[in-house]
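Below is one structure, written out as structure tokens; the observations come after it.
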Amino acid sequence: MDDSTPIVDIPEALNRAMGDVDFLKEMLEELYQSIPDFTSRIQRALLSGDAETLGKAAHQLKGAAANLGAKSIAHAALQLEQIGKSGSLEGAQQAFDGLEQTLESFVRHLKQIDWTTITPS
């Protein structure tokens, strides 16, 4: 994933929301609200050395993010999912740190979206 990838691909996300801006806003808010749960589950898995739980939690976050066009989160979660599937936690903390930075960027981005300018395409 390179730096030119949008944190949230609004046109794609709006398309997935069938052009319903209010629904998209609500779904992105739900993703935002779920971040502490996902990060807590991932952290607990890392601390306990539970690669399987790490992979499952990361997979769920990846899916939720991808469905909303939050490609940067999906990519960061995919890295953790793959680590979890490997059975080895090597590199997991670094990948988690990257995910946390991506999530922080997502939160900042979400707060800056001017929903009045978004119209169905």
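The values are calculated or read from the model by the stated rules, or taken from the named source; none is laboratory data. It should be emphasised that the depicted structure is a prediction, and the values quoted were computed from it without experimental measurement. Please note: Cβ atoms are built from the backbone with ideal geometry, for glycine as well, and neighbour counts cover all protein chains shown. Note: areas computed on protein heavy atoms with side chains; ligands, DNA, RNA excluded. Shrake-Rupley method; radii C 1.70, N 1.55, O 1.52, S 1.80 Å.
Worth a mention:
- Just one residue in the set GLU30, GLU90 is of a type in the set (D, E, K, R) and assigned to a helix (DSSP H, G or I); that residue is GLU30.
- The single condition from (1) at pLDDT below 95; (2) in a helix (DSSP H, G or I); (3) buried (at least 19 other Cβ atoms within 10 Å of the Cβ) that VAL8 fails is (2).
- Every condition in (1) in a loop (DSSP other than H, G, I, E, B); (2) free of Cβ contacts under 8 Å to residues at least 60 places away in the same chain; (3) within 12 Å of the chain's Cα centre (by Cα) holds for GLY69 except the one numbered (2).
- Here SER48 passes the criteria (1) of a type in the set (Gly, Ala, Ser); (2) open to solvent by less than 60 Å² (accessible area, probe 1.4 Å); (3) free of Cβ contacts under 8 Å to residues at least 12 places away in the same chain except the one numbered (2).
- Selection over the stretch 94-109 of residues that are within 20 Å of ILE83 (Cβ to Cβ) and of a type in the set (Gly, Ala, Ser) gives a count of 2.
- When the stretch 93-121 is limited to residues that are farther than 18 Å from ILE73 by Cβ and in a loop (DSSP other than H, G, I, E, B), the one that is least open to solvent (accessible area, probe 1.4 Å) turns out to be ILE118.
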